[in-house]
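Novice: Here it is, the structure, as structure tokens.
The values are calculated or read from the model by the stated rules, or taken from the named source; none is laboratory data. Just so it is clear, the model here is predicted, and its values are computed rather than measured. With ideal geometry, Cβ positions are generated from the backbone for all residues, glycine too; neighbour counts draw on all protein chains shown. Just so you know, the surface numbers come from the protein's heavy atoms only, side chains and all, with ligands and any DNA or RNA stripped out. Shrake-Rupley method; radii C 1.70, N 1.55, O 1.52, S 1.80 Å.
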Amino acid sequence: DMNNLFNLKFAAKELQRSSKKCDKEEKAEKAKVKKAVQKGNMEVARIHAENAIRQKNQSVNFLRMSARVDAVAARVQTAVTMNKVTKSMAGVVKGMDATLKSMNLEKISALMDKFEHQFETLDVQTAQMEDTMSSTTTLTTPQGQVDALMMEMADEAGLDLNMELPQGQTGSVGTSVASAEQDELSQRLAKLRDQV
């Protein structure tokens, strides 16, 4: 049924749009990180950095799902063209509309699973896509990424962020000496700036 095919293609486009929206949000959050860092408000900066990374991951997930829905649409099209639409495939199609409209990645993923089972040869690619997708769930924001983003924004703002690493992460005694020198340097620079 061509209508269902259209819905799949439409959903793929919508997912792409959602991905772009997340990209925009990520940019906005990054700008907020920069502002907070400039004001020296690290707590707020961290929250926005976490949001930015969450949006980035979400964007990737939407994009992956879009590609997956697209691939299923192509296979459905082939099935339609070859008149190979089976009864069970028609059954899967029935509840499709609401799921696609929900833009809920888990539900759409489950729906795509059902579709893909209808195609005897489940290509390896889809399975791989699923693995990568589940490993970049959008709920966890790795602290390393958050710290890196805060540093990046500080760099852009031309600030020196001496972020204290949690105990145990300092490489060796050498680093603490280096950071002491760094502090001394920063103080000298500050004095120089005052004199200008």
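Novice: Taking 0.36 nm per residue of sequence separation and subtracting the Cα-Cα distance, how much length would be gained by fully extending the chain between residue 28 and residue 190, in nm to one decimal?
Specialist: The residue 28-residue 190 span can extend by a further 55.2 nm.
Novice: How large is the accessible surface of residue 43 in square angstrom, using a 1.4 angstrom probe and rounding to the nearest 10?
Specialist: 120 Å²
Novice: Ok, one more. Which FRET efficiency value, to the nearest 0.05, is calculated for residue 78 and residue 6 with the Förster distance at 25 angstrom and r the Cβ-Cβ distance?
Specialist: Between residue 78 and residue 6 the formula returns 0.95.
Novice: Listed here are the pairs 20/101; 13/107; 20/114; 27/114; which of them are more than 24 Å apart at the Cα?
Specialist: Where the Cα-Cα span goes over 24 Å, the pairs concerned are 20/114; 27/114.
Novice: What is the list of residues in the stretch 145-160 whose amide nitrogen lies under 15 Å from a point 7 angstrom out from the Cα of residue 39, following Cα to Cβ?
Specialist: Answer for the stretch 145-160: none.
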